[in-house]
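Trainee: Below is one structure. I have some questions about it.
The values are calculated or read from the model by the stated rules, or taken from the named source; none is laboratory data. The structure displayed is predicted, hence computed values, not measured ones. A quick note on method: Cβ atoms are made from the backbone with ideal geometry, for glycine too, and the neighbour counts reach across all protein chains shown. For the accessible areas, the whole protein counts, side chains as well, though only heavy atoms, and no ligand, DNA or RNA atoms are used. Shrake-Rupley method; radii C 1.70, N 1.55, O 1.52, S 1.80 Å.
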Amino acid sequence: MAKGVRIAGVWKVFPPNVVALKDISVEIRPGEFFVILGPSGSGKTTLLRIIAGLEIPTRGSVAIGDREVVNVEKGVFVEPRDRNVGMVFQNWALYPHMTAYDNIAFPLRLKRMPEEEIKKRVTEVAEALGIAELLDRKPGHMSGGQQQRVAVARALVKQPDVLLLDEPFSNLDARIRVTAREFVKELQKKLGITTILVTHDQADAFAVGDRIMVLRRGETQQIGVPEELYSSPANVFIANFIGDPPTNIYKLPTSHRLVKSLGIPQGVEEGYGELYIGIRPDEAAALKPGDEGHLEGRVVLVEYVGSRRYAKVDVGDGVSLKVLLECDANTGDPVRVRVQKVHVFAPSGERLATLTY
Amino acid sequence: MRRALRSGRPGLIGSPFKILVLNVVAWAVGVLWITPFIGIFMTSIRPFREVVLHGWWSPVPFTPTLKNYVDALFNPMFSLSRGIINSFIIAVPSTLIPVGIAALTAYGFARFSLPVKRYLFVTILFLMAVPQQMMIIPIFFLLKDLHLLNTYLGLILVHSSWGIPWITFFLKNYFSLLPVELEEAARVDGATDFQVFRKVVLPLALPGLISASVLQFAWVWNDFFFALMLIFDPDKMVVTQMLPRLKGQYQVDWGLLSSGSVIAMLAPLLIYALFNRYYMRGFRGWAMKG
């Protein structure tokens, strides 16, 4: 039966005074695919290692199911080997001196399980992951994708309560990466195992995550389902970090022409001299000069992404916006920009309002 | 790192002049190094008369013979074969014991934290620098009190404890090169600290362990000083002690002495040759294998 993970008030300070995690609290539900997303140095891997027991928090507690595995205040610490978690490391950490079979069998052999039972379980999990024909190879003779599957098999074979994945896709080629994501997601749904994945790549996070937690410099920025992070970012950092191509963000005085022409209501800007304005490229369009819109501008650059075209439009006063190009304007042509959605943030970063037109 | 070496190479041996200088120096050192060995070898396979009259370097007359070897091995007074057996009896445990103990110590130093770790390690380095001659008198009396003088066990213990510091130093560096994720993976997989050590660290550190063993074996085999001080029963003497006795009382038989030396050299040479592959890898380190 899947177990949840409860993280409460976790701090991690690396001596002398590097604060890797600041008061992290989150409840991960049983059977959930939970993603910890953040740029490098955000403390996401440290959090995962604390759950695994490879790192001890400076303060706070972690519980897997009903059992506390670490509680600094009460002096509780359960060794990694007794937590029944499976972990896949960034570089997969396969034992190079063992065959795939022995790698997968390793956790079971440590439990002194009888050899025939081990054989049954290894074959079972290897077949489920499509690596049955690789079992007598050593890691050095496998491709990246195959090594990853062996690492996942090794993590799953002991039927852990929680599966931890540390940047499992970052060492894969772009093409295999997409298949690997689907494969991991499907597998997780099939097994119903609580899974926590750490990544710096928003595409990974959005592809597999039921819920996503965004970390920045050790602080929780937002926890929510993918749509939530995209449509109502909690602050400028999230708006900037999530979305591809990245959101157009400008810090502008409230008296600025752009702020005026977007018609931001009095109530929102009250009390602030400056605001952050965030416009997603996919939520604004460059149209023919005669069309209805908010801003006048001139195309500086045209870019093709897949089937879509984006134009970088200079709207004057040192502001240029990347928006969807929905007319046949070329570099240098005048266009009219129509905005569908604007996120308005306070100078301190938190979101004040989202306006839809 | 290997790439750095490669990129540094063109500058080093780029010009023909540099190649020439390098070659001259390398060959000169090589010849200097190998000449005594060739001398010993030539002396050992020729009748003594020939060596005395013409010198070992003279090409004629050349009468190869194995007589010196037979005499050296089966000398009724000081049997070299007995010495070789004794050397093995001493050298094998004197290699396995310190490598085993030092592997544990080194892993502790490489991966665990304990209060005075730094100072302990510095002490070990310091102890490595103490000369044997300074320690021999206390060692002698210690063994005497333990009734271990003139025994195999006594000499084995002395060699083992002498080997532990440098092997610890050597293996600590080697263990530090191993990727720590593998050990973490093993811990999450359910291994105790000792299981991590035995099932993951030791197999991965095999080249390092072999390098240390080869060096320690050669060191113990070639040791003369400790053996001379601690073993005096002719039946228990090691090969390096037997050698000088071959020179006889009234006249020095250089042929006999040379053949003895060649025989004594064989064991460490064979060990080097046998484990050469691992030995080299041990020095390069696991991290540089790719």
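Trainee: Apply the Karplus curve 6.51 cos²θ - 1.76 cosθ + 1.60, θ = phi - 60°, to the phi angles in the range B:89-102 and return the couplings in whole Hz, x for Gly and Pro.
Mentor: 4, 7, 6, 5, x, 5, 9, 5, 4, x, 5, x, 5, 5
Trainee: So for the protein assembly as shown, what are the equivalent ellipsoid semi-axes in whole Å, largest first, each being the square root of 5 times an eigenvalue of the Cα gyration tensor?
Mentor: Over the Cα atoms of the protein assembly as shown, the ellipsoid semi-axes are 71, 31, 23 Å.
Trainee: Now a separate question. Pairing the Cα long axis of helix A:174-191 with the longest principal axis of chain A, what angle in degrees results, from 0 to 90 and rounded to the nearest 10?
Mentor: Computed tilt is about 60 degrees.
Trainee: Once you have the Cα-Cα distance between A:Leu301 and A:Val13, take 0.36 nm times their residue separation minus that, and quote the gain in nm to one decimal.
Mentor: Additional length available on full extension: 99.1 nm.
Trainee: Among all lysine pairs in chain B that are eight or more places apart or on different chains, how many have alpha carbons less than 20 angstrom apart?
Mentor: 6
Trainee: May I ask you to list the residues of the range A:318-339 whose amide nitrogen lies under 13 Å from a point 7 Å from Cα along the Cα→beta-carbon direction of A:Lys288?
Mentor: A:326-329, A:335-336
Trainee: Across peptide A:100-107, how many C-beta atoms of other chains are within 10 Å of each residue C-beta, on average?
Mentor: Neighbouring Cβ atoms belonging to other protein chains average 2 per residue here.
Trainee: When the accessible area of the range A:5-236 is computed with all protein chains present and a 1.4 Å probe, what percentage of it is carbon and sulfur?
Mentor: 49
Trainee: Per residue, how many Å² of accessible area does the range A:201-357 show with a 1.4 Å probe?
Mentor: The answer is 45 Å² per residue.
Trainee: Find the accessible area per residue for chain B; the probe is 1.4 Å, ligands and nucleic acids are left out, and the unit is Å².
Mentor: Accessible surface, normalised per residue, equals 57 Å².
Trainee: Per the 1.4 Å probe, what fraction of the accessible area of the range A:247-356, in percent, lies on carbon and sulfur atoms?
Mentor: 46
Trainee: In Å³ and rounded to a whole number, note down the convex hull volume per residue for the Cα atoms of the range A:5-236.
Mentor: 131
Trainee: If you don't mind, another one. Which loop-located GluC sites (Glu not before Pro) does the range A:89-137 contain, where loop means any DSSP state but H, G, I, E or B and the Cβ has at most 14 other Cβ atoms within 10 Å?
Mentor: Here no GluC sites (Glu not before Pro) fit, given the DSSP loop and packing criteria.
Trainee: Less than 26 Å apart at the alpha-carbon level, and either on another chain or at least 8 residues along: which lysines does that give for A:Lys341?
Mentor: Filter leaves A:Lys251, A:Lys260, A:Lys288, A:Lys312, A:Lys322.
Trainee: Please give the calculated 222 nm ellipticity per residue for chain A, where each DSSP H segment of at least 4 residues contributes -39500 (n - 2.57) and the sum is spread over every residue; nearest 500 deg cm²/dmol?
Mentor: -7500 deg cm²/dmol
Trainee: Could you tell me the total accessible area buried at the A-B interface, probe 1.4 Å, in square angstrom to the nearest hundred?
Mentor: So the buried area, both faces added, is about 1800 Å².
Trainee: Would you please give the residues with an amide H less than 5 Å from that of A:Leu21, counting only those at least 5 places away or on a separate chain, with H modeled from the backbone geometry?
Mentor: Those qualifying (amide H under 5 Å, at least 5 residues apart or on another chain) are A:Lys12.
Trainee: In the range A:29-68, which residues give up 40 Å² or more of accessible area once the other protein chains are added, compared with their chain alone (1.4 Å probe)?
Mentor: Checking the loss per residue gives A:Leu54.
Trainee: Further question: What do you get for Rg/Rh over the range A:247-356 if you use C-alpha atoms and the Kirkwood form of Rh?
Mentor: The Rg/Rh ratio comes out at 0.98.
Trainee: Can you spot the lysines whose alpha carbon is less than 26 Å from A:Lys22's alpha carbon? Ignore those fewer than 8 places along the same chain.
Mentor: Hits, sequence-local ones excluded: A:Lys3, A:Lys12, A:Lys44, A:Lys74.
Trainee: Still on this structure: Would you calculate a helix-derived [θ] at 222 nm for chain B, using -39,500 (n - 2.57) for each DSSP H run of n ≥ 4 and dividing by the full residue count, to the nearest 500?
Mentor: -24000 deg cm²/dmol
Trainee: Accessible area of the range B:171-290 with a 1.4 Å probe: how many percent of it is carbon plus sulfur?
Mentor: Looking at the range B:171-290 in its full context, I get 64 percent from C and S.
Trainee: Sticking with this one: Which whole-number percent of Cα pairs in the range B:190-268 have a distance greater than 16 Å?
Mentor: Beyond 16 Å sits 66 percent of the P(r) for the range B:190-268.
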